[in-house]
1. Name the helices (runs of 4 or more DSSP H) wholly inside the stretch 555-634 in which the number of residues that are within 27 Å of the chain's Cα centre (by Cα) and closer than 29 Å to PRO485 by Cβ is 1 or more.
2. Any idea how many residues of the stretch 10-56 are of a type in the set (Lys, Arg), surrounded by fewer than 17 Cβ atoms within 10 Å (Cβ to Cβ) and either touching a His at 6+ places or on another chain (Cβ under 8 Å) or touching a residue at least 40 places away in the same chain (Cβ under 8 Å) (or both)?
3. I need every pair where a residue in the stretch 567-591 that is farther than 14 Å from ASP602 by Cβ has its Cβ under 7 Å from the Cβ of a residue that is in a loop (DSSP other than H, G, I, E, B) and among the basic types (Lys, Arg), sequence separation at least 6 or different chains.
4. Run down GLY162, GLY176 and say which single residue is farther than 24 Å from ILE233 by Cβ and either modelled with pLDDT of 95 or more or of a type in the set (Phe, Trp, Tyr) (or both).
5. LYS545 fails exactly one of the following numbered conditions: (1) assigned to a helix (DSSP H, G or I); (2) charged (D, E, K, R); (3) surrounded by 14 or more Cβ atoms within 10 Å (Cβ to Cβ). What is the number of that condition?
6. Residues that are within 30 Å of PRO436 (Cβ to Cβ) and within 33 Å of the chain's Cα centre (by Cα): find the helices (runs of 4 or more DSSP H) completely inside the stretch 62-181 holding 2 or more of those.
7. Just to be sure, is ALA550 surrounded by 17 or more Cβ atoms within 10 Å (Cβ to Cβ), part of a loop (DSSP other than H, G, I, E, B) and not assigned by TED's automatic domain parsing to the domain that holds ILE603?
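The values are calculated or read from the model by the stated rules, or taken from the named source; none is laboratory data. If you're wondering where the values come from, they're calculated on a predicted model, not measured in any experiment. When we count neighbours, we look across all protein chains shown, and the Cβ atoms used for this are built from the backbone with ideal geometry, even at glycine.
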Amino acid sequence: MINSYLINPKSIALIGASNDETKPGGKALKNLLSTNFQGKLYPVNPKESVVQGLKCFKEVSEIPECELAILAIASKLVNPTVEYLAENKGTRSFIIFSAGFSEVGDEGKKLEQELANIIRKYDASLIGPNCIGVLNTNYAGVFAGPIPKLLPYGCDFVSGSGATAVFILETAIERGLPFSSIYSVGNSATIGVEEVLEHWDNSFDENSSKVKIIYIEQVHNPQKFLKHTFSLIKKGCRIAAVKAGTTEAGSRAVSSHTGSLAGSDAAVDALFRKAGIIRCHSREELVTVASVLIYKELKGNNIAVITHAGGPGILCTDALQKNGMNVPNINGEKAQELLSKLFYGSSVSNPIDFLATGTAEQLGIILDYVDNSFHNIDGSVVIFGTPGLFDVTEVYKVLNNKILECKKPIFPVLPSPIQAKNETEYFISLGRTIFPDETLLANALAKVYNTPKPTEFIPYLPNNNDIQFHNSIISSINQGEFAPPETISRIFDYVGIPRLPEITASTFEELNSKLNFDFPVAIKVVGPIHKSDLGGVLLNINSKKELSDAFERIMKINGATGALVQPMIKGIELFIGLKKEDNFGHLILFGLGGIFVEVLKDISSSLCPINTLEANKLIQSINAFPIIQGTRGQKGINQDILIDILIKISNLSQIFPQISEMDINPLIANQRGIYSIDARIKFN
């Protein structure tokens, strides 16, 4: 829980304050003083009488009551100090820089758990331990620099890593990116990334920052994370995030296609998509995306590239178009009118190149035409540096004015940090954020524009019939094993997954007595998981003699317990999978089926439950979507039926939360319908 004392304290005790600004307690006090904290400061250090010009208290027992305590002392002293302050000084918020807790092993974990218990006992707020602190427009409760520009409309930033937060700030300050609040949650003993998101959500109003950025190494509570990011975005916020740790150390034993294709990073990707979060993969990209978000929102994907240098304009145009943005041709009467106002040799066709000799006045004219006359343009990228021959301050003044005045967003690329150092710093001082590279900006613009907003829907809730069916199935299966074919058939029939008729038998005599459909047929081994790899799938069997021989052959496969026979059907082979991914819930996967599922790995995924829009997105997201639509004279498949099946599989994950893995591979889709041919379900 984040309380008001942590956000806006009227008094702060700094335990471990120091005159040595190279120590956390010294740097933190300097930061508090240099940012003009308006409340009372109580430095505590038994070895000092005066610290950085302030009276220093020898012991915490000597200080008055205080609302917030910042601790920069040895870990073994932290817990008794916190308990004393909470009990005797009314302190209800704490920031603990100290390391030596859960990050160092079992003893540290025990110490951290004791700390968390003390905090909960007094209903207090705690950031840390092992963090760099909290920074907002009220105070700088951090020991690390640098201090960025702090403005109410700046970014809210939460980081699971203090060092990474510092490195992100380094880049952001160079760009002029402002911040509203920064939380370095460290070990997250009681408050982690999810709790900060909860605070932002619950306290959101018209004055709150609408740009949130996140650096996270582990999603501890995915449902809480989704709830509050989804809510914030629905309220008008835009959120960008980096999730580190995208590879899995070592190999993991898996027993299905779904198990080998799904993973924790796929679940994070699906979580971010469901919430509407813009996923970034580096500090540089996060800062660039955040800088895009600070500007007016781009309402369409048609961009005017305005430059006085041809090369950067081409680079920007290429990057935009490669990422699905448009740089449309500008022509007609208004284009010719603009061209007449520029120097000879200029071009307005887009990119708009007004030459190295172009003036500040001409830039203003161009931006006015883009804003008012070129209706096929939604926003502009302005690239303007200098070879060092003249001062570009006037150009940057005009650019700043037009960013404020124009209805369409303008994104400034200022690529001369050395030769236009003073002018660039001046532009940033006006409250602007810059982009040093046109290609990085183009990539970020596309990522922001192409990240869809979340869609609201009511998830599927199992009814009484579902619960009764669930109980009957669970009582009949062995936990940790794959369900037998007859159980899968019952489940699919219950939820309405269309399937081909099938018979199973453990002897050929039993199989022959049950056979009730025409040849040709397919026969599959029952027992082993990867049937095709073992030669356990035989197709186009046209007589009982061939069937008898095939049965005898597959029963020799190690682990075979029987055979399954189905009529042959032709069509497009599809794949649908479910994978329970720790506390994320179920991941639903879709792609081409058969052998292609693991060879091509052309798979899309989403977190369950899904709605119609998400099911449609799953289908359209694979590279092979043209095959589903129909291509080169081949008819496509009924996508409405496919969407319905995907939603039913999603509902199945809600009825049976015990499903750990499920494959339907393949589903055969043709003009008559879509049918499950082979499926396996594992319950845990």
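1. Helices (runs of 4 or more DSSP H) meeting the threshold: 596-599, 612-620.
2. The total comes to 2.
3. From the stretch 567-591, no pairs qualify.
4. Matching residue, one of GLY162, GLY176: GLY176.
5. (3)
6. Correct list: 162-175.
7. On the way: surrounded by 17 or more Cβ atoms within 10 Å (Cβ to Cβ): yes; part of a loop (DSSP other than H, G, I, E, B): no; not assigned by TED's automatic domain parsing to the domain that holds ILE603: yes.
No, not satisfied.
Residue by residue, here is whether (1) out of contact with any Asp or Glu (no Cβ under 6 Å at 6 or more places or on another chain); (2) modelled with pLDDT of 95 or more; (3) among the aromatic types (Phe, Trp, Tyr); (4) surrounded by 20 or more Cβ atoms within 10 Å (Cβ to Cβ) holds:
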residue: VAL599; (1), (2), (3), (4): yes, no, no, no
residue: ILE622; (1), (2), (3), (4): no, no, no, no
residue: PRO626; (1), (2), (3), (4): yes, no, no, no
residue: ARG632; (1), (2), (3), (4): yes, no, no, no
residue: LYS635; (1), (2), (3), (4): yes, no, no, no
residue: ILE655; (1), (2), (3), (4): no, yes, no, yes
residue: ALA669; (1), (2), (3), (4): yes, no, no, yes
residue: ASN684; (1), (2), (3), (4): yes, no, no, no
